[in-house]
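The values are calculated or read from the model by the stated rules, or taken from the named source; none is laboratory data. These figures come from a predicted structure and were not determined experimentally. Note that we place each Cβ from the backbone using ideal geometry, even for glycine, and neighbour counts take in every protein chain shown. For accessibility, only protein heavy atoms count, side chains too; no ligands or nucleic acids. Shrake-Rupley method; radii C 1.70, N 1.55, O 1.52, S 1.80 Å.
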Amino acid sequence: MSKLSSFNNGVKTEGFESFDDCSIYKLNDKQSIIQSVDFFTPIVDDPYLFGQIAATNSLSDIYAMGGNPLFALNIVGFPSEKISLDILSTILQGGIDKCNEAKIPILGGHSIKDDVPKYGLAVTGIIDNDKILRNNTAQKSDDLILTKPIGSGILTTAIKKNLTNDLINEEVIKVMNTLNDKTCNILKKYQVNACTDITGFGLLGHLNEMCIGSNVSAKVNFKDVPLISDTIKFAKDGIIPGGTKNNLKFIENNILFSNSIKIYKKLILSDAQTSGGLLIACPKKETESLLKDLNSNSDFKSVIIGEFIQKEKNNILVNNE
Ligand code: CO
């Protein structure tokens, strides 16, 4: 989610100071409404898959906070003079089917004429006040767990350049098209300290926010970070989206990279993700059972990629061990 989501009209709201994934509105002593909104231009050619992926991505912020989505509204931009409306129906069907999978209705929405197609959802969810999973409450010595492989920004760029094969395309789409709902439900059973989802700012960008908000630093081992097939190959070949390069520039000064971390590895860790996995701060005593639970209920392997440590000058230390 963009930090712009934190801007308001001067009314004090919870969630304003931190970089939390959703806006939070306290209903009463027991429950809060959580609200997210996200939309973007097509990242794949297939309109149905685009609709599904955009919806999955929009729902992700609700799950990252441990919430239950209630309903969604469509946000659509479409060049109806240039592209057939059948294509738009197919995009919307992708969104509907993904919301059915998440067991929520799409209650309406708004569309405008636009030069480039855009699609996404505003999602409203609900959460118990004492169960809100924030991204600014990681504790030192927590394990850092990642639930999906990264590299979707680099890989979708490679797909657009026709550099991939069907097998890899399927793999990338599966990563972007898988809801974080099961992961979220499992997290609720454990005493995890903090959570966020990996999207546009990349692994290091979202981890940096967690560290700043939680007043801790983090160590990441590059070797342990799960990658989508051929991410390294394409990164070495310079197939890097602009957003990923900007992400690295933006956070570079907060990060200490060991000498063995070459530029392509820095870029992979900064790669802008669509609908990425959850990044979890988990107390060491909980890790083993949490991982077991996650890994018997997901197609992706959740792994420890580092740990939180006492606050240091650099927010993140990356090594190659
Ligand atoms: Co988010």
(message) When a/c reaches 1.5 or more, the comparison of a/b and b/c decides; with that in mind, is region 69-185 rounded, prolate or oblate per its Cα gyration tensor?
(response) oblate
(message) Once you place label points 7 Å from the Cα toward the Cβ at LYS103 and ASN253, how far apart are they in nm?
(response) 4.7
(request) Label region 219-304 by shape, choosing from rounded, prolate and oblate, from the square roots a ≥ b ≥ c of the eigenvalues of the Cα gyration tensor; if a/c is under 1.5 it is rounded, and otherwise prolate applies when a/b is larger than b/c, oblate when it is not. (result) prolate
(message) Bin width 10 Å, origin at 0, all Cα-Cα pairs of region 151-301: what percent of pairs per bin?
(response) 10, 39, 36, 15, 1
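Where Rh is the Kirkwood radius over the Cα pairs of region 16-101, the temperature 25 °C and the viscosity 0.890 mPa s, what D in µm²/s does Stokes-Einstein return?
My calculation gives 171 µm²/s for D.
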(message) Given Cα positions, please report Rg to Rh for the chain, the hydrodynamic radius being the Kirkwood one.
(response) 0.95
(request) Could you work out the relative contact order of region 117-238, using alpha carbon pairs under 8 angstrom and six or more residues apart, expressed as a whole percent? (result) 48
(request) With a/c under 1.5 counting as rounded, go ahead and sort region 165-211 into rounded, prolate or oblate using the C-alpha gyration tensor (a ≥ b ≥ c being the square roots of the eigenvalues; past the cut-off, prolate if a/b is larger than b/c, else oblate). (result) oblate
(request) Quick one: what are the phi-derived ³J(HN,Hα) couplings along region 206-221, Karplus 6.51/-1.76/1.60 with θ = phi - 60°, whole Hz, x for glycine and proline? (result) 6, 5, 4, 4, 4, 5, 4, x, 8, 6, 9, 10, 9, 10, 10, 9
(request) Would you mind getting the accessible area per residue of region 184-320, heavy atoms of the protein chains only, 1.4 Å probe, in Å²? (result) 42
(request) Could you list the trypsin sites (Lys or Arg not before Pro) in region 65-106 that lie in coil according to DSSP, counting only those with at most 15 other Cβ atoms within 10 Å of their Cβ? (result) LYS82, LYS103
(message) What does DSSP give for the chain in terms of the percent of beta bridges that are antiparallel, rounded to the nearest 5?
(response) 70
(request) Roll a 1.4 angstrom probe over the protein heavy atoms and tell me the percent of accessible area of the chain that is carbon or sulfur. (result) 52
(request) Using a 10 angstrom cutoff on alpha carbons, build the Gaussian network for the chain and name the most mobile of LEU85, LEU294, LEU121. (result) LEU85
(message) Treating only the Cβ of Lys, Arg, Asp and Glu as charged (+1, +1, -1, -1), what charge dipole size does the chain show about its Cα centre? Round to the nearest 20 debye.
(response) 680
(request) Go through 243-253, 104-114, 205-215 and give me the packing order, highest mean Cβ count within 10 Å leading. (result) 205-215, 243-253, 104-114
(request) Give LYS262/LYS284; LYS98/LYS148; LYS26/LYS292 a once-over and call out the pairs whose C-alpha atoms are over 26 Å from each other. (result) LYS262/LYS284; LYS26/LYS292
(request) As a check on your grasp of the helix formula, calculate [θ] at 222 nm for the chain: sum -39500 (n - 2.57) over DSSP H runs of n ≥ 4, divide by the residue count, round to the nearest 500. (result) -10500 deg cm²/dmol
